[in-house]
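Step one of this worksheet: look at the structure below.
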Amino acid sequence: MTTEQALASSLPAVSTGTAIWRGLRCRCPHCGEGRLFRSYLKQVDQCAVCGEAYSQIRADDFPPWLTIIIVGHVLVPFLLMTEHMGMSLEAELLLWLPITLLSVVALLPFTKGAIIGLMWSLALGGDETP
Ligand SMILES: [Zn+2]
């Protein structure tokens, strides 16, 4: 048993809400300390602090779907407001396309972390159990 495995087995059980919150912060859902991603959206194979394995968890399309739902619900009312104010189509495109793209790019790692936390907590998508 390695030091990380010993630490992982000594950690207290984690609730689903805590695992989601830790994932949302892009931290290991198990210990809350280690980084969950090694690059923009690439999750680590295992936590550098507690050794919990994450390479088997595949969030697939859930994080992009959730990100689109959130960004859509936040931005569409403002888009409709500018439409109602009589803004030209070109001006709306110049305003809302960059805001939408930046919002999606900025939010996606956090939603992916939350989904990985949820999946880890429910023991979905891998052989490892929490
Ligand atoms: Zn960890």
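The values are calculated or read from the model by the stated rules, or taken from the named source; none is laboratory data. Everything numeric in this text was worked out from a predicted model, so none of it was measured. Reconstructed Cβ throughout: ideal geometry from the backbone, glycine too, with neighbour counts over all protein chains shown. Quick note on the areas: whole protein, heavy atoms, side chains included, nothing else; ligands and nucleic acids left out. Shrake-Rupley method; radii C 1.70, N 1.55, O 1.52, S 1.80 Å.
When residues of the range 24-39 are filtered for being away from the ligand (no atom under 11 Å from the Cβ) and touching a Pro at 6+ places or on another chain (Cβ under 8 Å), how many remain? If you could, list the steps in order and put the result at the bottom.
The first filter runs over the range 24-39 and keeps only residues away from the ligand (no atom under 11 Å from the Cβ), leaving 24-26, 37-39.
Now narrow it down to the ones that are touching a Pro at 6+ places or on another chain (Cβ under 8 Å): 26, 37.
The qualifying residues number 2.
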(message) Of all residues being within 16 Å of LEU124 (Cβ to Cβ) and in a loop (DSSP other than H, G, I, E, B) in the range 16-35, which is least open to solvent (accessible area, probe 1.4 Å)? Just the residue, please.
(response) PRO29
(request) Give me a count of the residues in the range 80-104 that are of a type in the set (A, V, I, L, M), part of a helix (DSSP H, G or I) and either closer than 18 Å to ARG22 by Cα or out of contact with any Ser or Thr (no Cβ under 9 Å at 6 or more places or on another chain) (or both). (result) 9
(message) For the range 40-58, give me the residue count where each residue is open to solvent by less than 60 Å² (accessible area, probe 1.4 Å), more than 8 Å from the ligand (Cβ to nearest atom) and either assigned to a loop (DSSP other than H, G, I, E, B) or among the acidic types (Asp, Glu) (or both).
(response) 5
(request) Report the residue count in the range 108-126 for those that are open to solvent by 50 Å² or more (accessible area, probe 1.4 Å) and assigned to a helix (DSSP H, G or I). (result) 1
